[in-house]
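To start, the structure itself, in structure tokens.
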Amino acid sequence: MTTGFYSDERTFWHSVGLQALFLPVGGWVQPPSGAAGADTPDSKRRLLSLVQASGLIAKLRSRSAEPVSEEDMMRVHSRRYIEEFRAVSTAGGGDIGDHAPFSRGGYEIARISAGLAKAAIDDVLTGTVDNAYALCRPAGHHCLPDRSMGFCLLCNIPIAVEAARARHGVGRVAIVDWDVHHGNGTQAIYYGRSDTLTISIHQENCFPPGYGGADDRGEGDGFGHNLNIPLPPGAGDEAYRYALDKIVAPALERFRPELIVIASGLDAGAADPMARMLAHSETFRALTQRMVEIAATLCGGRLAVIHEGGYSEALVPFLGHAIIEALSGCRTEVVDPSLDICVAQQPGEAMRAFLRETIDRLAAAAG
Ligand SMILES: [Zn+2]
């Protein structure tokens with residue numbers, strides 16, 4: 001099994017400016033001491049560091065990638081948005097959307113981030129690698145065609161998927177989003193289309209606020225090709241595995257994709273500062289192993305994992321490392337030192353039963 005791994009140092013130089021968690025400094029928000037913002041480079045850079053320190057990098061086919069082109073971006077974004085993004089980035093940075101600040105040069109870095117996703121999908125489709133992991137930053141799944149949002153400046157996965165469609169003619173694509181926040185950008189782009197199944201498993205009412213949740217099923221030709229799985233805060237290892245088996249796997253079997261892409265945010269991890277879930281490294285290892293099996297059965301193993309959010313600098317490296325081990329089939333000597341405490345923090349039986357009932361209800365509605 002050859003796993004491709006895509007990263008670029010420049011993506012760690014993307015800056016959201018001075019923030020306390022996700023709150024811009026000013027007014028009643030005191031400037032933090034040190035890097036107190038949520039979207040710091042270190043959760044992602046420390047994953048890369050762990051992949052290098054563990055020796056896993058030597059088992060992967062590792063490279064950077066070209067930035068996406070204007071043509072690539074225009075398949076998904078409006079010209080007005082791209083031109084405004086470029087102009088503000090050149091002029092020194094700012095925020096032209098909703099909680100999505102960037103500094104000078106953010107435009108160029110976002111194009112590299114999307115380029116990593118594009119390269120990962122391209123290499124999977126050409127058979128250069130069996131599966132792939134793109135360590136993208138900034139993330140992409142909240143970004144809308146004409147508006148940035150939630151730390152997301154370009155729609156990384158749709159840009160990459162549409163580039164793959166233009167180049168390889170790939171038809172049916174499934175995008176499974178397990179970032180703890182709703183994949184609203186991806187949903188919006190594919191809402192009326194039947195060639196792309198979008199599934200988002202996320203914490204209910206976390207971010208962005210005010211979307212329609214499980215009732216959002218798509219429209220027109222796309223009806224039935226969008227699935228939301230909103231879970232209550234506190235869902236943990238068992239709930240995530242159960243939701244994958246009860247809802248995600250059957251939906252993929254019905255859809256018969258030619259390619260599966262995972263929008264892999266790691267902010268459902270316990271201790272993430274931007275959500276309230278209790279997944280841990282063995283959760284993500286198990287989910288990934290299951291997705292590898294599903295991809296092998298349905299689409300010749302064609303699976304690309306694209307990094308989205310995840311803000312715990314301490315834990316994200318272990319979550320991502322477990323995913324890449326599962327993709328590549330290479331187990332290193334790395335032991336997640338947080339695993340015992342995360343396992344001990346899982347919900348009790350009453351809450352687990354409630355979560356299973358919730359998921360059964362969502363599965364019945366989705367089926
Ligand atoms: Zn997220």
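The values are calculated or read from the model by the stated rules, or taken from the named source; none is laboratory data. The structure presented is a predicted model; accordingly, all values stated were derived computationally and were not measured. Note: ideal-geometry Cβ built from the backbone for every residue, glycine included; neighbour counts use all protein chains shown. Remember, those area values only see protein heavy atoms, side chains included, never the ligands or the DNA or RNA. Shrake-Rupley method; radii C 1.70, N 1.55, O 1.52, S 1.80 Å.
Across 10 Å bins from the origin, how do the percents of Cα pairs in segment 127-211 run, short distances first? The percentages, shortest bin first, are 16, 50, 29, 5, 0.
Counting protein heavy atoms only, segment 78-155 has 47 percent of its accessible area on carbon and sulfur, 1.4 angstrom probe. Its Cα centre serving as origin, segment 60-156 has a Cβ charge dipole (Lys and Arg +1, Asp and Glu -1) of approximately 140 debye. Working from Cα pairs under 8 Å separated by at least six residues, relative contact order for segment 166-251 is 27 percent. Compared with the alpha-carbon gap, the fully stretched path from Asp340 to Arg290 is longer by 15.8 nm at 0.36 nm per residue.
Note on the chain: the alpha carbon radius of gyration divided by the globular reference 2.2 N^0.38 Å gives 0.91.
Beta bridges assigned by DSSP with both partners in the chain are antiparallel in approximately 15 percent of cases. As a rough guide to protection, the peptides 353-362, 190-199, 118-127 ranked by mean Cβ packing within 10 Å, highest first, stand as 118-127, 190-199, 353-362. Dividing the mean sequence gap of close Cα pairs (under 8 Å, 6+ apart) by how many residues segment 226-367 holds gives a relative contact order of 35 percent. Put a dot 7 Å past the Cα of Arg172, heading toward its Cβ, do the same for Arg63, and the two dots end up 3.1 nm apart. Cross-link partners for Lys44 among the lysines, with Cα-Cα distance under 28 Å and sequence neighbours closer than 8 places in the same chain left out: Lys59, Lys118. Taking the 1.4 Å solvent-accessible surface of segment 2-46 as the whole, the part contributed by carbon and sulfur is 61%.
Between Arg80 and Thr2, the modelled labels are 4.5 nm apart [label points 7 Å from Cα along Cα→Cβ]. Pairwise Cα distances in segment 153-195 exceed 14 Å in 51 percent of cases.
Can you bin every Cα-Cα distance in segment 268-367 into 10 Å intervals starting at zero and give me the percent of pairs per bin, rounded to whole numbers? Reading the bins upward from 0: 14, 37, 37, 13, 0. Computed extension length for Ala53-Glu349: 102.7 nm, one decimal, from 0.36 nm per residue of separation with the Cα-Cα distance subtracted. Peptides 243-251, 52-60, 8-16 ranked from most to least packed, by the mean per-residue count of other Cβ atoms within 10 Å: 243-251, 8-16, 52-60.
The residues of the chain have, on average, 38 Å² of accessible surface per residue, using a 1.4 Å probe with all protein chains present.
In a solvent-free Debye calculation with one equal scatterer on each Cα, what is log10 I(q)/I(0) for segment 1-85 at q = 0.13, 0.20 Å⁻¹, listed in the order of the q values? So the normalised log intensities work out to -0.69, -1.00.
Distances longer than 20 Å among the Cα atoms of segment 13-159: what percent of all pairs is that? Roughly 51 percent, rounded to a whole number.
Element breakdown for segment 190-280 at a 1.4 angstrom probe: carbon and sulfur atoms account for 47% of the accessible area.
The length gained by stretching the chain between Ala87 and Thr297 to full extension, at 0.36 nm per residue less their Cα-Cα distance, is 71.0 nm. For segment 207-271, GluC sites (Glu not before Pro) are listed when DSSP marks them as loop and at most 14 other Cβ atoms sit within 10 Å of their Cβ; the list is Glu219. Radius of gyration over Kirkwood radius for segment 202-249, both on Cα atoms: the Rg/Rh ratio is 1.01. Using only the C-alpha atoms, the convex hull of segment 209-327 corresponds to 106 Å³ per residue. Between Ala365 and Asp245, the modelled label-to-label distance comes to 2.3 nm, taking each label 7 Å out from Cα in the direction of the beta carbon. Packing order of peptides 264-270, 69-75, 284-290, 304-310, highest average first: 304-310, 264-270, 284-290, 69-75 (average count of other Cβ atoms within 10 Å over each peptide's residues).
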